[in-house]
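Note sheet for the following structure.
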Amino acid sequence: MRRDAGIADFLAARILMVKDQLERRGIRDPRVLDAIREIPREVFVRPEDCGRAYDDEALPIEFGQTISQPYIVALTCQSLAIQPDDCVLEIGTGSGYQSAILSKLARRVVSIERVPELADSARSRLRDVGAANVDVVLSDGTLGLPAEGPFDAIAVAAAAPEMPSPLIHLLAAAGRIVIPVGRRDVQELLLCRRNPDGNLGRQKLCDCRFVPLIGRHGFSEDMPDAADNAPCN
Ligand code: SAH
């Protein structure tokens, strides 16, 4: 797409993206598809990447992080089966794109980001798109946010070596969590659900590559990144 594209071009690209990248791959939840049709992804990418806003890939944002691939955002949201009255916790605000989609699906969204500059710019973009029910909190998301729980759904947008135990404790009865778990360079996207007996059922959604979750129950900051340039989800 041209870098000087206008609102109508972006809208057309977004509608095509929903059809070609999402519906074709089995995303069927009409609320998720509508939310993605409504949120302008070009607002959340770097200005120089506007022309690639609707490409089928994650894109770089500041501080070596990424805005997730649209399909992965859609799969995460659909798998979480978010209801209009739900409270959702997101770990890894990044650009704020997924937070904006979640804001259309849930009553309230709390999103945790560890990089102050990313939290600030996400807050201002979320204001720009009118996502008034999202609170962006600066913290280590692997610790959860005990004062705020329980949550009906938790979306983790960075890769963890294993499920951070504080997050499990924040799940409401029948709560769901989607989280990439595995090595620093490659992971499995898991959907886990709190069963009536209190145990956590888990289901693999797909293989994936996310940037690392850095924190007390995540990867350590000083470990070198899996220094290849393969794109992350
Ligand atoms: N869904 C986001 C993708 C964010 S990339 C989007 O659509 O833009 C993952 C984000 O997780 C990065 O911004 C990174 O800084 C953040 N992150 C990594 N470890 C974290 C932690 N322990 N707590 C909160 N955020 C974390």
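Some observations on this one:
- Qualifying residue in segment 118-126 (condition: surrounded by fewer than 22 Cβ atoms within 10 Å (Cβ to Cβ), within 22 Å of Leu22 (Cα to Cα) and not hydrophobic (A, V, I, L, M, F, W, C)): no
- The residue that is farthest from Ser121 (Cα to Cα), counting only those in segment 72-83 that are part of a helix (DSSP H, G or I) and touching a residue at least 60 places away in the same chain (Cβ under 8 Å), is Ser79.
- Among residues of segment 187-220, those that are within 15 Å of the ligand (Cβ to nearest atom) and in a strand (DSSP E or B), counted: 6
- Filtered by the rule that a residue be surrounded by 19 or more Cβ atoms within 10 Å (Cβ to Cβ) and either without any contact (Cβ under 8 Å) to a residue 40 or more places away in the chain or within 13 Å of the ligand (Cβ to nearest atom) (or both), segment 100-114 gives Ala100, Ile101, Leu102, Ser103, Val109, Val110, Ser111, Ile112, Glu113, Arg114.
- Top-ranked residue in segment 152-172 [being among the hydrophobic types (A, V, I, L, M, F, W, C) and more than 15 Å from the ligand (Cβ to nearest atom); ranked as surrounded by the most Cβ atoms within 10 Å (Cβ to Cβ)]: Leu171
- Where a residue in segment 140-154 is at pLDDT 95 or above and its partner, wherever it lies, is of a type in the set (A, V, I, L, M) and part of a loop (DSSP other than H, G, I, E, B), with Cβ under 7 Å and at least six apart: Thr142/Leu213; Gly144/Leu170; Pro150/Leu170; Phe151/Leu170; Ala153/Leu80; Ala153/Ile82; Ile154/Leu170
- The single residue among Ala131, Ala74, Ala147 that is small (Gly, Ala, Ser), surrounded by fewer than 19 Cβ atoms within 10 Å (Cβ to Cβ) and more than 10 Å from the ligand (Cβ to nearest atom) turns out to be Ala147.
The values are calculated or read from the model by the stated rules, or taken from the named source; none is laboratory data. Keep in mind it's a predicted model, so treat the numbers as computed, not measured. Here Cβ is always computed from backbone atoms with ideal geometry, including for glycine, and neighbour counts include all displayed protein chains.
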